[in-house]
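Chemist: First the structure, which I've put down as structure tokens, then a few questions once you've had a look.
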Amino acid sequence: MTVSVQTDAAAGEALRPHAEHAFADELTALAATDDRPRPARWKLSPWAVSTYLLGGTLPDGTLITPKYVGPRRLVEAAVATLATDRALLLLGVPGTAKTWVSEHLAAAVSGDSTLLVQGTAGTPEEAVRYGWNYAQLLAHGPSREALVPSPVMRAMADGMTARIEELTRIPADVQDALITILSEKTLPVPELGQEVQAVRGFNLVATANDRDRGVNELSSALRRRFNTVVLPLPATPEAEVDIVSRRVAQTGRALDLPPAPDGMAEIRRVVTVFRELRDGITTDGRTTLKSPSGTLSTAEAISVVTGGLALAAHFGDGVLRPGDVAAGIIGAVIRDPAADRVVWQEYVETVVRERDGWKDFYRACREAAE
Ligand SMILES: Nc1ncnc2c1ncn2[C@@H]1O[C@H](COP(=O)(O)OP(=O)(O)OP(=O)(O)O)[C@@H](O)[C@H]1O
Ligand SMILES: [Mg+2]
């Protein structure tokens, strides 16, 4: 529970509502039909939590939209971990839905995805343990009222799911504050001679980026307290097109962008370009390619298409065309102005130019590059 400084009317217009609000109907329908055993303080059974994530149809006909598109076993492993006394670490390259899955897990398990600590190089120990309200502290000395609990402490006290984003960016000594929390399930407050004991239902979901490996490597003591689930890039082009089109439709609705008829062709093209450059080989397996320095993740494909939709809606006739996505694609591919530009030009001249049905896109790429 976050105390709001907003009026309810303004909060209802949130640009990006929390998962538990955006999908409240689905969560309610799942809870109503879910007769499997629920771990203490879980809003749903582990089975219903994974149905919420993967999608499905309930016995009463309610459709649950898939949030995560990927291997069922991974989601089941993640949910099962949360039902044990081990914490969950979601690991993967950028844009593989680590944050997204963590939010939806917390929403489905605890009904609240906001007990969140954002990890950065500057994350202080107070963000993981507790801080003090200094006015109170100076006026009345240390007391329970002067203590400002961290999201983790609140999750422990209430038996909820806490989330830590980008765990490996947090300095090692602050990370180590988690060891006591995860192994002893308690958070001592020596100033008060008290402790906060974790209540059943408490657990923690952390995310970490593969590319940050080595920044602040998890200590082995901490790593042993986590089960790691690695989220992969989408296995097939069809899966990736499916993810991009779903998320683009959702984002477009939130931004009041009209749906683009025939947008699928451009989505397919963006996904093809990204996958070919990422894999370093064309789809037909005939031409090897150099890969650019950027990640070209699914998340970036979603942004490129959403950006293209905004162009088409506000400056075009609402139809998503090659020219609307070309600049976005180039922006995502060319991160390093020297090396990536060569890679891109080679791709445009050897692959885009020769491909059937890609003439307009070729022209758009040439124009956008000028
Ligand atoms: N397999 C997938 N299923 C559903 N959505 C996906 C999938 N892969 C990526 N996405 C979408 O990509 C977007 C970005 O995901 P998210 O921000 O969670 O990535 P991340 O792994 O946390 O990246 P980073 O390492 O940069 O923090 C989300 O909108 C998510 O819906
Ligand atoms: Mg993330």
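Chemist: Given charges of +1 on the Cβ of Lys and Arg and -1 on the Cβ of Asp and Glu, with all other atoms neutral, how large is the dipole of the chain about its Cα centre, in debye to the nearest 20?
Modeler: 720 debye
Chemist: For the chain, set up a Gaussian network in which alpha carbons nearer than 10 Å are linked by springs, and say which option among 149, 17, 124 fluctuates the most.
Modeler: Highest fluctuation of the listed residues: 17.
Chemist: Within 10 Å of each candidate Cβ there may be at most 13 other Cβ atoms; applying that plus a DSSP loop requirement, which GluC sites (Glu not before Pro) in the range 114-158 survive?
Modeler: Counting only loop positions with at most 13 other Cβ atoms within 10 Å, the GluC sites (Glu not before Pro) in the range 114-158 are 145.
Chemist: What ranking do 256, 173 get, fewest neighbouring Cβ atoms within 10 angstrom at the top?
Modeler: Lowest to highest Cβ neighbour count: 256, 173.
Chemist: Averaging the inverse of every distinct alpha carbon separation and then flipping it gives the Kirkwood radius. What is it for the range 170-239, in angstrom units?
Modeler: Hydrodynamic radius (Kirkwood, Cα only) of the range 170-239 equals 14.7 Å.
Chemist: Apply the a/c threshold of 1.5 to the C-alpha gyration tensor of the range 79-154 and tell me whether it is rounded, prolate or oblate. Numbers along the way, then the final one.
Modeler: Numbers: a/c = 2.98, a/b = 2.05, b/c = 1.45.
Prolate.
Chemist: Percent of alpha carbon pairs in the range 232-355 separated by more than 24 Å?
Modeler: I get 25 percent for the Cα pairs in the range 232-355 exceeding 24 Å.
Chemist: Among 99, 243, 180, flag the residue with its Cα farthest along the positive direction of the charge dipole of the chain, charges on Cβ as +1 for Lys/Arg and -1 for Asp/Glu.
Modeler: 180
Chemist: Any chance you could run the full-extension gain for residue 62 through residue 335? It's 0.36 nm times the residue separation minus the Cα-Cα distance, nm to one decimal.
Modeler: Extra length from residue 62 to residue 335 when fully extended: 93.9 nm.
Chemist: With the cut-off at 1.5 for a/c, could you classify the range 92-201 from its C-alpha gyration tensor as rounded, prolate or oblate?
Modeler: It comes out prolate by the Cα gyration axes.
Chemist: Each label point is 7 Å from the Cα along the Cα-to-Cβ direction; what then is the distance between the points at residue 157 and residue 132, in nm?
Modeler: Placing both labels 7 Å along Cα→Cβ, they lie 1.7 nm apart.
Chemist: Which three numbers, in whole Å and largest first, are the semi-axes of the equivalent ellipsoid of the chain derived from its Cα gyration tensor as √(5λ)? Working shown, then result.
Modeler: Details: eigenvalues 345, 114, 84 Å².
In descending order the semi-axes read 42, 24, 20 Å.
Chemist: Could you give each residue of the range 156-173 its phi-based ³J(HN,Hα) in whole Hz, using Karplus coefficients 6.51, -1.76, 1.60 with θ = phi - 60°, and x for Gly or Pro?
Modeler: 4, 5, 9, x, 10, 8, 9, 10, 10, 8, 6, 3, 7, 8, 7, x, 4, 5
Chemist: Calculate how many DSSP beta bridges within the chain are antiparallel, expressed in % of all such bridges and rounded to the nearest 5.
Modeler: 35 percent
Chemist: Sticking with this structure for a sec: For the chain, take the longest principal axis of its alpha carbons; what is the angle in degrees between that and the long axis of helix 98-110, to the nearest 10 within 0 to 90?
Modeler: 40 degrees
Chemist: I've got another one for you. Between residue 350 and residue 284, what is the label-to-label distance in nm when each label sits 7 Å out along the Cα-to-Cβ direction?
Modeler: Taking the two extended label points, one gets 1.5 nm.
Chemist: Please say if the range 312-370 is rounded, prolate or oblate, where rounded means a/c under 1.5 for a ≥ b ≥ c the square roots of the C-alpha gyration tensor eigenvalues, and otherwise the choice is prolate for a/b larger than b/c and oblate otherwise?
Modeler: oblate
Chemist: Just to compare against my own numbers: the Cα pair-distance distribution for the range 24-149, 10 Å bins, whole % per bin, please.
Modeler: 11, 34, 27, 17, 9, 2
Chemist: OK, next. When the chain is treated as a GNM, springs tying every alpha-carbon pair under 10 Å, which of 118, 175, 345 comes out with the largest mean-square fluctuation?
Modeler: The residue with the greatest mean-square fluctuation here is 345.
Chemist: Go ahead and set up a Gaussian network model of the chain, Cα springs under 10 Å, then flag whichever of 288, 251, 161 fluctuates most.
Modeler: 288
Chemist: Note the angle between two axes, namely the Cα long axis of helix 298-315 and the longest principal axis of the Cα atoms of the chain, as a number of degrees from 0 to 90, rounded to the nearest 10.
Modeler: Roughly 60 degrees, rounded to the nearest 10.
Chemist: For a label point 7 angstrom out from the Cα of residue 189 toward its Cβ, which stretches of the range 117-132 have the backbone nitrogen within less than 11 Å?
Modeler: The answer is 130-132.
Chemist: Let me ask another. Just name one of 189, 127, 117: the one whose Cα is farthest towards the positive end of the charge dipole of the chain (beta-carbon charges, Lys/Arg +1, Asp/Glu -1).
Modeler: Checking the options against the dipole of the chain, the answer is 189.
Chemist: Moving on. Could you give the distance between the Cα centres of the range 83-103 and the range 322-342, to the whole Å?
Modeler: First find each Cα centre; the distance between them is then 30 Å.
Only the coordinates and a few stated rules stand behind these numbers; no lab work does. The shown structure was predicted, so the numbers you read here are calculated from the model rather than taken from an experiment. Methodologically, a virtual Cβ is constructed for each residue, glycine included, from the backbone with ideal geometry; neighbour enumeration extends over all protein chains shown.
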